[in-house]
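To keep things clear, I will list the structure first and then write my remarks on it.
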4 protein chains.
Amino acid sequence: MKAARLHAYHEPLALDERDEPRAVGPLDVVVRIGAAGLCRTDLHIQEGQWAEKSGVTLPYTLGHENAGWIHEVGSAVTNVEVGDTVIVHPFITCGLCRACRRGDDMHCATGSFPGIDRDGGFADFLLTSARSVIKLDPSLEPKDVAALADAGLTAIHAVKKARPVLDPGTRTVVIGAGGLGHIGIQCLAAMTPTEIVVLDPSEAALDIAREVGADHTVKVDGSHVDTVLQLTSGLGAEVILDFVGEQGAVEDGIAMLQDGGFYHVIGYGQNLDIPTIDIISREISFIGDLVGTYTDLQDLMTLTAQGKVHLRTSTYPLDAINDAIADLDEGRLHGRGILLPAGAG
Amino acid sequence: MKAARLHAYHEPLALDERDEPRAVGPLDVVVRIGAAGLCRTDLHIQEGQWAEKSGVTLPYTLGHENAGWIHEVGSAVTNVEVGDTVIVHPFITCGLCRACRRGDDMHCATGSFPGIDRDGGFADFLLTSARSVIKLDPSLEPKDVAALADAGLTAIHAVKKARPVLDPGTRTVVIGAGGLGHIGIQCLAAMTPTEIVVLDPSEAALDIAREVGADHTVKVDGSHVDTVLQLTSGLGAEVILDFVGEQGAVEDGIAMLQDGGFYHVIGYGQNLDIPTIDIISREISFIGDLVGTYTDLQDLMTLTAQGKVHLRTSTYPLDAINDAIADLDEGRLHGRGILLPAGAG
Amino acid sequence: MKAARLHAYHEPLALDERDEPRAVGPLDVVVRIGAAGLCRTDLHIQEGQWAEKSGVTLPYTLGHENAGWIHEVGSAVTNVEVGDTVIVHPFITCGLCRACRRGDDMHCATGSFPGIDRDGGFADFLLTSARSVIKLDPSLEPKDVAALADAGLTAIHAVKKARPVLDPGTRTVVIGAGGLGHIGIQCLAAMTPTEIVVLDPSEAALDIAREVGADHTVKVDGSHVDTVLQLTSGLGAEVILDFVGEQGAVEDGIAMLQDGGFYHVIGYGQNLDIPTIDIISREISFIGDLVGTYTDLQDLMTLTAQGKVHLRTSTYPLDAINDAIADLDEGRLHGRGILLPAGAG
Amino acid sequence: MKAARLHAYHEPLALDERDEPRAVGPLDVVVRIGAAGLCRTDLHIQEGQWAEKSGVTLPYTLGHENAGWIHEVGSAVTNVEVGDTVIVHPFITCGLCRACRRGDDMHCATGSFPGIDRDGGFADFLLTSARSVIKLDPSLEPKDVAALADAGLTAIHAVKKARPVLDPGTRTVVIGAGGLGHIGIQCLAAMTPTEIVVLDPSEAALDIAREVGADHTVKVDGSHVDTVLQLTSGLGAEVILDFVGEQGAVEDGIAMLQDGGFYHVIGYGQNLDIPTIDIISREISFIGDLVGTYTDLQDLMTLTAQGKVHLRTSTYPLDAINDAIADLDEGRLHGRGILLPAGAG
C-alpha cells in the first residue's frame, strides 16, 4: 500500500510502498482509510517539535484523524464487522487500567497514538483497535468527519467539561474560530443556552462563526478586551474557551474572565503566568483540556448525524500531501485539509 | 468601648475609646466580641499591602475573625436573639444579588469585609448583619472557634470543592500544616476517604499534622518531591491543596500533581508560571479558592461541635494586641493567636 | 382596589373592593398587577382540595402567577425601584434559613405562598417581598410572562435537574404538551442536545409541540408506549418528564423508561406503585420536582427575553374571572389564561 | 473438580465431579476459588424465584461472591498473572458497549452473571474474564473479602451515589444492619461526615452497628419512626439507605425522609406505593441501586486494605454447602457465610 512517511525532520513526506497491516491481536482492527485530516500538529511533528516527547523512530507514517471502512478484524472483535464505515478515535487504549475502567480512557496508562508515536493514517490502511472505532450513521461519509477525530473531539470535550456552569444568562468567550473553534461554537450552541462571544483576527473566520452559531463576534484588533467587557456588563464571561493559547491570548482571556469563572486552556504555545493572589482573590480556575474520550467522540458523531455540527473542509489526494502541508503552512488552506487515498470513496 | 485601631501604616495599633455601634438598619446586628483571631493578613494590612485593594480610610479597627454574643438586633432580624452565642462570617452580603441568591454569597456584588474595609472585631463590639451570624452549639465558646471564621472557613471551602474527586485510593498532598493547613487536614479526614500526605519544613508542624489526621508527613528538605512521588507510585497525587503559595511551593506542587489532577491555590505570594502545553498534555487544572460561604461556615461549626475539628490557639488580652502581633511576626506564636476583650467570658 | 376573592368553596369568586396593601416591613414590596395567570390549581382551590393543606381562612384573594410594576418598597429594598417592571416568584422566603442560604429557597423553613395561603394577585395590587421580584428585560411585558411565574418555573426547574444526564444521543419523553409541557419542551431544546419525544392525546397539543421543538410527537392512543419503544431501540428513554401524573401516565412512563434512567414526577393525581425489585434490578430513579427557585425564574426570564421560550396565552379582564375559570374547567381555554386588571397596560 | 450444582428447584445442591474450565477466549481467566460467599439470593435461586428472570438451564453451579488465585489466563490478558490473588467482580462485561465505555459497566448491554445465569464459584475453579478480576493487596486473603464481591459492592455503590449531598450536619438513616447494612455503615463513616442513624429489630445487629460506626441506633419496635424524627429535629433525614425493602420498611422510610431528601432503594420485596402529590409537594426522590461497578469494587478493596471496612464471616468447607444454606435459612448463620473449597488456603 501507499503510505506518506517522514524519513527526516524538516523534510517533505515520502510516498512509500509498504505492506498492508494485519489484524494479529484479538482486538486488532485494520481500517481501509477513506479520509485523513491534516492537522497543524503534523507540521509540528515535521519540524521535530514532538521528536523527544513521542520517542518515535523514523521513518513512520503520519496522520491521526482518520475514518474509513473496516477491512479486517481480530478474533475477539464484536463491535464492528468488515465493511462497516467507522471513525477512528486517535488513542489506542488498554481497556483494563483504572482510567479506562472509569470511562476516562484518554488517561489510559499504556495507550499509544497512531500518527504520533506509531504508524498513522496517511496511507491506504491503518492498524488500530476495536476499542478505537465507532460505526458511523449511514448519513455520514469518512471525508465529512475524519477531522472530527482529533480537532472536533478536543472541542466537544472542552464544551462538555464547561457545560455544568453554563446556565441561561451566562456568556462564553471562544478565542479562535479556526478548525477547533468553529466546532466548539457548534457544540456550545447545540448543548447549552450560553451566549456565545467569538474572537478572531480574521473577518472570514468571524463570518463562519456567525453562520455556525456565534451570538456576538469581536475582531481581535487591540480594543477587543474592552468590547467583551462591554458585552458582559463590565464583569467578563463566566467561561473562556481558549483555542489559541499563544501570542497574548492568555493575558487577554484572563482580563475577560469573570470572578469565579473558568478558563479552559485548549490551544497552547505561550505560558500561563499569573500572580497566585489574583487566582485566589478572584477565585478563578484554569482547566486543562486534552483530546476527548471514546464516548465524547460518539457524542460528536451523534451531533454530526443530527446536522448540528458540520465541518468545513478542503480535499486533496493523498499523493498531494506535501502540497496540502505547504498550503496549511502558508495560510492558503481554507477549512480543514482532508487527504483522500487513491481507492477512497 | 475599646477598639484597636490602625492610624498609620507601619505603626502599632492604638487602643482607642470609641462609641459602641448600634443596630440601625433592619438586618443590623451588634455582636459583643468574645474572641477575635489574629491573622497574618492583619500584619499585611499594617504593612500597607492591602491599602489600595481595600480602599479603606485610616484610622479603623482591624479584626476579621470574630465570635461573641448578640448584643442588639435590627427590626427585621429573625434568626438570632440578644444573648445568643455566635460566630461571625467575615463577609457582609446583600442577600439579593444573583450570587447571594444561588448560595454563592462570597461573590456578592456589593459585600463589605469588617476588619479589611470597615471596622472589625478587635474591639468590645462589632457591627455586622443578621446574614453574617451563626448560632453556636452550646458546647462551643467564642475563644475556641473565632479563628475558624476566616482561616478555617477557607480550608473547609477548599476541601469541599476538592471532595467530588476524592474517592478511596486517591492521595491528597497538603502543602503547609499551619493555621489553615491543620484545619484542612481535619476536614479531609472527616469528609473524605483520601490518603493525606502533609508537607512542611517544621517538625513541630508535622507532629501536629500526624495528631490531627495525616497518613504521611514529609519534611520539606529538598528531597520532598521525590518522597511524595515514591508515595504515589511515581504518578503524583490526584489533588494538591497548597496553603503556602510562595517560595517555590507552586513548582513543587506541580511536580507532585498527577496527570488529570487538580491543584488548589489557597496560599499566595508567588506566581503560577507554567507552559500551556503542560496544562493540556497533562490535562491538569488550577482551582482558585477564596474564603467559604455562609453554609460552609455552618458545616465547619458542625464538625467542630462533633469534635472532628479542633483549633489550636494561644490567647492574649485585647490590650496586648501589639505583643500578639509581634509574637506572630517573629515566630513566637504557637497555634492561632486569639484576642480577648476585657469583658469577654 | 378590586380583588377576586373566594368566600366559600364551590362558589364563584366575588369581585370585592379592598384596601390597597402597604409596604410596612423593610423588605416588603407592593406590586401593581399587570397580569395574573390562571392555573388549574385555582380550580382545585375552589373545589376545596387545598383547604386543609394550606390552612387558609376564607375569604381571600386567589392568583399565584403574577407580574406587574413596583408600586411601593420597604425601607431596606435595594434591588428594585418604584416603576420597575417585574415578575413575581410565587414563594415568599426568609433569606436566613439554611435552605435559603444555599440557594434552595423553595425549601425555605418559613415561606408563604400568595394566592394559596394568603392574598394573591387576582387584584389591582399584591403585597410580596423584595426577595420575590425579578426585574424584566425591557422587551418583556407582564401579560407575556405572568404565567411563567409558576407553570413555566416548574418546567424549567425539572429540565435543569434532568440536564446533567442529557448528553447527545439521549432521548427525553415529555408526557403532556399543555401549559407546563410546552414550556418544558422549549427549555429542553434551549438547554440540552437531547432528542425530544412528546406524548399527548390531543392533536392540537402535538401541533404546538412540533412548533416549539419536539423532534417526535406520539398521540396517546393505546399504542403509544410501543411507538416510543420503537423510537428508542427498544430500550426506552433515558429521561421521562411526566407533566401529567394521572390516568395511567405513570405506568406508561415506567414502561418507556430505560434501565438506569430517571423518571421526573411533575404532574400529579395518581399513585406511583411499583415493586421495589423492579426499581433495583432496573436501577431506575424517581425524582420529585417542585416549583423552581428564584434563580430558576431568572434563567427562565433570560430564555424568554432571548426569544427561546414563548408562552401561548388567552387574555380576560379581571372582571371576567369567573368566565375564565369556566372556560378552563370546560376545556374552552386555549393556551394559558391571563387576567388583566382594569388599569393594566 | 468439585462443584456444588443445582439439579432441580427446591432440592439441595449436589457436589458433582466436573471438568475444570479452561481459558479459551483471549480475555478469559480461570480463578482457583479461595472462598465463595453465600448470599440470600442463593436461597431465592434454589426456591426458583429467579428461574424465569435468569433463563438458566439446570443443572448449574451457584456462587456469585468469589475470590481466589489466577490459575490460567487467555492470550490477551495483561492485568493479572497466574498466581495473583484476586477478588471477582460478579458481572462479566463486554468492554465495548456504550455503558462499559463510560464506566457504567453494570449496565453492559451483553453481560453475564456467573452463579446466576452460568456456572459460578461454589467449585474448585471459576471461569471469568480479565475484566472481572481485581488484584488484592497482599494484606488481604480470599476468605476475608469474597462476600464483598456482591453484598459489599452493592453497599458501597449506594453510598457513593448518596455522597454528593452528605455534607456535615446531614443525617443518614440506614434501615437494616445485616450483611449489606454493616458494610454500608462502614462506607458512610469512611467516606462522608454524615451522622449515621441505624435501625434494626435485632439488638445484636445494633451492637455491631455501633461497633462499626453508627452514631445512633434505634430498635425497630413500633416507636422507631418517632424516635428518628426526634433525632432529626422533627424533619427526618436527608438520606435513607433502605437495605430491607420489605415488611413495611418503605412506609417507615418515607415517614423518616426529609422534604427534598433522597430515598435509596437497595433491599427489595414489597412495593413502593405513594401518591404522586406527596412526591412533588415534598420534592422527594427514590433512587434505585444495583450492584456496583468494577471501580466501585476497587474502591471497596482499598477501604478494606486500609482497615476501614471489615466483613464479619462464618466459614464452612464447600462440602458442607447444604448445611450452610440451612443455617442461613433458619437464622443460625452469624456474619456472612463463606464456603472454602478443599484445596483453598
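The values are calculated or read from the model by the stated rules, or taken from the named source; none is laboratory data. Keep in mind it's a predicted model, so treat the numbers as computed, not measured. Note that each Cβ is placed from the backbone with ideal geometry, even for glycine, and that neighbours are counted across all protein chains shown. Note: accessible area is taken over every heavy atom of the protein model, side chains too, but ligands, DNA and RNA are not part of it. Shrake-Rupley method; radii C 1.70, N 1.55, O 1.52, S 1.80 Å.
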Exercise for review: Answer with yes or no whether C:Leu58 is more than 22 Å from C:Arg131 (Cα to Cα), free of Cβ contacts under 8 Å to residues at least 60 places away in the same chain and under 25 Å from the mean Cα position of the chain (by Cα).
Suggested key: yes
Exercise for review: Output yes when any residue across segment B:203-215 is acidic (Asp, Glu), open to solvent by less than 60 Å² (accessible area, probe 1.4 Å), at pLDDT 95 or above and in the same structural domain as B:His157 (by TED's automatic domain parsing), and no when none is.
Suggested key: no
Check your understanding: What tally of residues in segment C:307-319 results from selecting those that are of a type in the set (Gly, Ala, Ser) and in contact (Cβ under 8 Å) with a residue 12 or more places away in the chain?
Key -> 1
**Study point:** Those residues of segment C:167-212 which are of a type in the set (Lys, Arg) and in contact with a helix residue (DSSP H, G or I) (Cβ under 8 Å, 6 or more places away or on another chain), in sequence order
**Key:** C:Arg171
Practice item. Return the pairs, sorted by first residue and then second, in which the second residue is surrounded by fewer than 16 Cβ atoms within 10 Å (Cβ to Cβ) and in a strand (DSSP E or B), the first residue lies in segment C:14-35 and is free of Cβ contacts under 8 Å to residues at least 24 places away in the same chain and polar (S, T, N, Q), the beta carbons are less than 8 Å apart, and the residues are 6+ apart or on different chains. Key: none
Review point. What is the one condition in (1) at positive phi; (2) in contact with a Pro (Cβ under 8 Å, 6 or more places away or on another chain) that B:Leu339 does not satisfy?
Key: (1)
Check your understanding: Looking at this structure, is B:Phe91 closer than 20 Å to B:Arg5 by Cβ and open to solvent by 10 Å² or more (accessible area, probe 1.4 Å)?
Key -> no
Review point. From the list C:Gln258, C:Gln298, which residue is within 30 Å of D:Asp150 (Cα to Cα) and open to solvent by 30 Å² or more (accessible area, probe 1.4 Å)?
Key: C:Gln258
Review point. Would it be correct to say that D:Gly222 is of a type in the set (Gly, Ala, Ser), in contact with a Ser or Thr (Cβ under 6 Å, 6 or more places away or on another chain) and not in a helix (DSSP H, G or I)?
Key: no
Practice item. Check whether at least one residue in segment C:75-86 is more than 19 Å from the chain's Cα centre (by Cα) and surrounded by 24 or more Cβ atoms within 10 Å (Cβ to Cβ), and report yes or no. Key: no
Review point. Do we have B:Gly63 as within 13 Å of another protein chain (Cβ to nearest Cβ), more than 18 Å from B:Met301 (Cβ to Cβ) and touching a helix residue (DSSP H, G or I) at 6+ places or on another chain (Cβ under 9 Å) here?
Key: no
Practice item. Might you check whether a residue that is surrounded by fewer than 22 Cβ atoms within 10 Å (Cβ to Cβ), in the same structural domain as D:Gln46 (by TED's automatic domain parsing) and either hydroxyl-bearing (Ser, Thr, Tyr) or without any contact (Cβ under 8 Å) to a residue 24 or more places away in the chain (or both) occurs anywhere in segment D:277-286? Key: no
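Listed here are the residues, each with its yes/no results for (1) surrounded by 23 or more Cβ atoms within 10 Å (Cβ to Cβ); (2) over 20 Å from D:Tyr316 (Cβ atoms); (3) modelled with pLDDT of 95 or more; (4) charged (D, E, K, R).
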{"residue": "D:Val29", "(1), (2), (3), (4)": "yes, yes, yes, no"}
{"residue": "D:Gly34", "(1), (2), (3), (4)": "yes, no, yes, no"}
{"residue": "D:Arg40", "(1), (2), (3), (4)": "no, no, no, yes"}
{"residue": "D:Leu43", "(1), (2), (3), (4)": "no, no, no, no"}
{"residue": "D:Gly48", "(1), (2), (3), (4)": "no, yes, no, no"}
{"residue": "D:Glu52", "(1), (2), (3), (4)": "no, yes, no, yes"}
{"residue": "D:Gly55", "(1), (2), (3), (4)": "no, yes, no, no"}
{"residue": "D:His64", "(1), (2), (3), (4)": "yes, no, yes, no"}
Check your understanding: Is it fair to say C:Thr110 is of a type in the set (Val, Ile, Thr), closer than 26 Å to D:Asp167 by Cβ and at pLDDT below 95?
Key -> yes
Review point. Does C:His334 satisfy the criteria of being surrounded by fewer than 18 Cβ atoms within 10 Å (Cβ to Cβ) and either more than 13 Å from chain D (Cβ to nearest Cβ) or not polar (S, T, N, Q) (or both)?
Key: yes
Check your understanding: In segment D:225-241, which residues are over 17 Å from D:Arg282 (Cβ atoms) and either surrounded by 20 or more Cβ atoms within 10 Å (Cβ to Cβ) or among the small types (Gly, Ala, Ser) (or both)?
Key -> D:Leu241
Revision key, fill the gap. Flagged in segment D:293-335 as under 23 Å from D:Thr128 (Cα atoms) and not in a helix (DSSP H, G or I), in numbering order, are D:Thr293, D:Pro317
Review point. In the set C:Leu148, C:Leu126, which member is closer than 21 Å to C:His334 by Cα and away from chain B (no Cβ under 14 Å)?
Key: C:Leu148
Exercise for review: Return yes when C:Ala305 is more than 19 Å from C:Ile208 (Cα to Cα), modelled with pLDDT of 90 or more and in contact with a Phe, Trp or Tyr (Cβ under 9 Å, 6 or more places away or on another chain) and no when it is not.
Suggested key: no
Check your understanding: If you go through segment D:110-167 one residue at a time, how many are in a helix (DSSP H, G or I) and either more than 21 Å from D:Tyr316 (Cβ to Cβ) or open to solvent by 20 Å² or more (accessible area, probe 1.4 Å) (or both)?
Key -> 18
Practice item. Name the single residue, out of those in segment A:242-292 being in a strand (DSSP E or B) and among the hydroxyl-bearing types (Ser, Thr, Tyr), that is farthest from the other protein chains (Cβ to nearest Cβ). Key: A:Tyr263
Review point. Any chance segment C:151-167 includes a residue that's at pLDDT 95 or above, over 18 Å from the mean Cα position of the chain (by Cα) and within 23 Å of C:Glu52 (Cα to Cα)?
Key: no
Check your understanding: Regarding C:Thr304, is this residue without any contact (Cβ under 8 Å) to a residue 12 or more places away in the chain and either within 14 Å of chain D (Cβ to nearest Cβ) or buried (at least 24 other Cβ atoms within 10 Å of the Cβ) (or both)?
Key -> no
Check your understanding: Any residue at all in segment A:245-255 that is in contact (Cβ under 8 Å) with a residue 60 or more places away in the chain, over 18 Å from the mean Cα position of the chain (by Cα) and open to solvent by 30 Å² or more (accessible area, probe 1.4 Å)?
Key -> yes
Practice item. Confirm whether A:His107 is open to solvent by 10 Å² or more (accessible area, probe 1.4 Å) and either in contact with a helix residue (DSSP H, G or I) (Cβ under 6 Å, 6 or more places away or on another chain) or within 14 Å of chain D (Cβ to nearest Cβ) (or both). Key: yes
Practice item. Could you grab me the full set of residues in segment B:195-230 that are closer than 23 Å to B:Met301 by Cβ and within 14 Å of chain D (Cβ to nearest Cβ)? Key: B:Ile196, B:Gly213
